[in-house]
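In what follows, a single structure is set out as structure tokens and then discussed.
The values are calculated or read from the model by the stated rules, or taken from the named source; none is laboratory data. All of these numbers come straight from a predicted model, not from anything done at the bench. Note: accessible area is taken over every heavy atom of the protein model, side chains too, but ligands, DNA and RNA are not part of it. Shrake-Rupley method; radii C 1.70, N 1.55, O 1.52, S 1.80 Å.
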Amino acid sequence: MSADRKTLATLEFTSVREMLAERTSFAPGHELAAALEPASTLADAERLQDETASARELLRDLPAAGLGGAKDVRDALRRAALAGRLDPDQLVAVAETVRAAERLWADVDGRPALSARTRFARPPAGVATAIEHAISATAEVLDRASTGLASARSELRSAQSRLQQRLDALLRTPDLVRVLQDPIVTRRGGRYVVPVKAEHRGAVKGIVHDQSASGATVFIEPLEILDANNRVREAELAERREVDAVLDGLSRQVERAGEELRLTLDALAALDVILAKALLADAFGAERPALNADGVIDLIGARHPLLVARGGEVVAIDVRLGTDFRALIITGPNTGGKTVTLKTIGILVLMAQAGLQVPAERGSSVPVVPRVFADIGDEQSIAQSLSTFSSHLRNVVATLAGAQKGDLALLDEIGAGTDPDEGAALAMAVLETLLARGVLVAATTHYPELKAFALNTPGVANASVEFDAETLRPTYRVHVGLPGASNAFAIASRLGLERGVLLRAEAHLSELHRSLERTLREAERQRTELSAAMEEARIAQADAVRSLAEAQRDAERLRRTALEDAHQARREGEELVLQARRALRQAESARERSSRRDLLSEARAALEEAEGAARTSTPAPPSLANETFEVGDRVIVDGTTEVATVLSADGRGQVEVAAGAMRLRVRGESLRRAPDLANEQARDGFARPSRRAPGIRRDIVESGRGIEQVPLQLDLRGARAEEALIELDRYLNDAALAGYDRVRVVHGKGTGALRAAVSEALARHPLVRAHEIAARNDGGEGATVVTL
């Protein structure tokens, strides 16, 4: 993007760069942020926005992520490149920078927008390891840096120890103690000396190295320690040579890794700026704008970043441009926010193209434009002989000379500073020229002619800054589509201008002008009332939505509570049933073990008694030898007591019947009609309650009078799954209490849904040991054999 330094300063983009630079972590990043420029293509701008968005996510996930420990080592790299020796502090800075890069590279790994910046930068870990091995974090060269250094330091410590012993012995000499200023040992010029009183300097044989400022003390190296001092000094020089050799070796490693370190430093600076963009976005409460190449500006709730940074309440504005119109004429009172609106448009466009998120609501759209031109503010200058009109006109001339299709031009008080008629005519001509070139234009004015121009010219729209007629103060809100009144008289009145002067002024206005101003004020009043009504409706709607959501949450909570209570009750009931069944089985088992023989005798006696009573009290059913049979007739086969059901009759005396799980083909004369169950129940004096669910056929076998036995088969065909499972559970309980080992459940084939439900219930039923599909000749997939 092309925007000269003057435009960047006019739109205060330079101030935003300064705020960005303040949030960087080290000098290379600070310099890069201070030189930030907007991107020139949509792809580049989108890439920069991707980086900022990814950085905000990184800081949310890892708040400690950053460049902690990175240093500006550019001077050290330049010194090493010239074969210079780096000091320990510089080497430690290099190592810390490499480690900071490694940590940051690990943090951005898996975030493509950020890791792309590290693609060609490989921090030389080997160099950092070598430096850390040789030099401590406090920049001290360690003994382990080399064997020569370790040996030299060992020799130095030995020499110093021997010298210290000589000095201790010397300080205990009475003759020397008498002439000393203080009984201490100090150093001068790298040599160990004693402080001797000046008047006794001749009493100590040795070399004078220094004297005090007052001249009362001289520092003498006694001859007795001269040789020991020399050995210490020689050891110190040897140690210094070894240290220099270590530093030289590390400096050469830095020199060889110079290119890697420079690439690492560049990547660190770039990531430093990206992280600073994320921090600035958080400070502004900014959002990522939707970028486009169509020249469409649609700002929702936009705020000028410098006003946000200043603190306090900032009035957000909604502005659109480039949709059905490409020129916007903003009118309204002075101090109403027209100029701030222009600057907000301009700076948010620049920020978006530089990868900065903008202080506006989500959904705001910003174009990527080739160039931005701005004529904002009064640049009149006595020194340059520039009037207000001249300064504006010079900027307009520059805009006309360079603006082309897709560019953005921001013109404040266009045509102002000269004769109103000529200024308005000039302004309309400039707008027409820019509009014909396809330039996006936003301009402010007080000229009523430009308001009419916007109403009558395709591609041009009016906008106004709101003015509160009751408080006589601007609200700073922007409304597209409606021209604004200047409200000069209202503002003058608020500032204290005499009423008589205002009345005289109004008398000088033309009737057309007064009519236009009244119309605009009335339109503004109606628009304000409508906005207030819409805001009340919006609040009411929000309250209704919130109340509905709360009611739905309450209903859902009650439903969940009811379901949980029902499930809990069912679980408790099932547990009680299981406990009862276990207790019953245990009791029956105990009874059976203790009195099985007695119970068997009693049962046989009861059975014989019941059969005898049945024979004497119930007449034999009539023979059916001469009768025809219909499907469903209930009959008894001679020699049995079980009721059977007629399945088919061939008309030749052969009848097929079903008795429990068995099917038989017998002669008709061997059948007797079964007693009617209803009549039997009536004769017994009571009615047996049916346990059949709707749609379920359950065969009942009568043996004797009024005794219900459990069949070996349950027919669930035609029943719904829920009813079938309830009946299945009851049947299994009855069959288990009856002592059955195996039973048969008929569910039919159909869609397979009932069969699947039955299979699932059997799989988890506590009374079922196993279950399997019946054999082909016993119903096949339409029935299941259950082992209890």
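Rounded to the nearest whole Å², what accessible area per residue is found for the stretch 28-141 with the 1.4 Å probe?
48 Å²
I'd like to check one number: the per residue accessible area of the stretch 717-786, probe 1.4 Å, reported in Å² as a whole number.
Using a 1.4 Å probe on heavy atoms only, each residue of the stretch 717-786 averages 56 Å².
Tell me, what % of the accessible area of the stretch 342-466 is carbon and sulfur with a 1.4 angstrom probe?
Exposed carbon and sulfur together represent 56 percent of the surface.
Students sometimes get this wrong: rank K71, K205 by accessible area, probe 1.4 Å, all chains present, largest first.
Most to least solvent-accessible, the answer reads K205, K71.
Given contacts defined as C-alpha pairs under 8 Å and at least six residues apart, what's the relative contact order of the stretch 133-197, whole-number percent?
16 percent
Quick one: check the C-alpha center-to-center distance for the stretch 12-44 versus the stretch 214-241, whole angstrom.
57 Å
Can you run phi through the Karplus equation (6.51, -1.76, 1.60; θ = phi - 60°) for the stretch 397-411 and list ³J(HN,Hα) in whole Hz, with x for Gly and Pro?
With coefficients 6.51, -1.76 and 1.60, one gets 4, 5, 5, 5, 6, x, 6, 10, 4, x, 6, 10, 10, 10, 10 Hz.
Ignoring ligands, DNA and RNA, please state the percent of accessible area on the stretch 1-86 from carbon and sulfur, probe 1.4 Å.
50 percent
Give the lysines whose C-alpha is closer than 20 Å to that of K343, dropping any in the same chain fewer than 8 places away, or say none.
Hits, sequence-local ones excluded: K6.
Below 8 Å, C-alpha to C-alpha, sequence gap of six or more: please give me the relative contact order for the stretch 147-303 in percent.
Answer for the stretch 147-303 is 19 percent.
Note down the relative contact order for the stretch 74-134 as a percent, whole number, built from C-alpha pairs under 8 angstrom at least six residues apart.
38 percent
What is the percent carbon and sulfur in the accessible area of the stretch 264-327, measuring with a 1.4 Å probe over the protein chains and ignoring ligands?
48 percent
With every protein chain left in place and a probe of 1.4 Å, what is the accessible surface of M534, to the nearest 10 Å²?
The value for M534 is about 120 Å².
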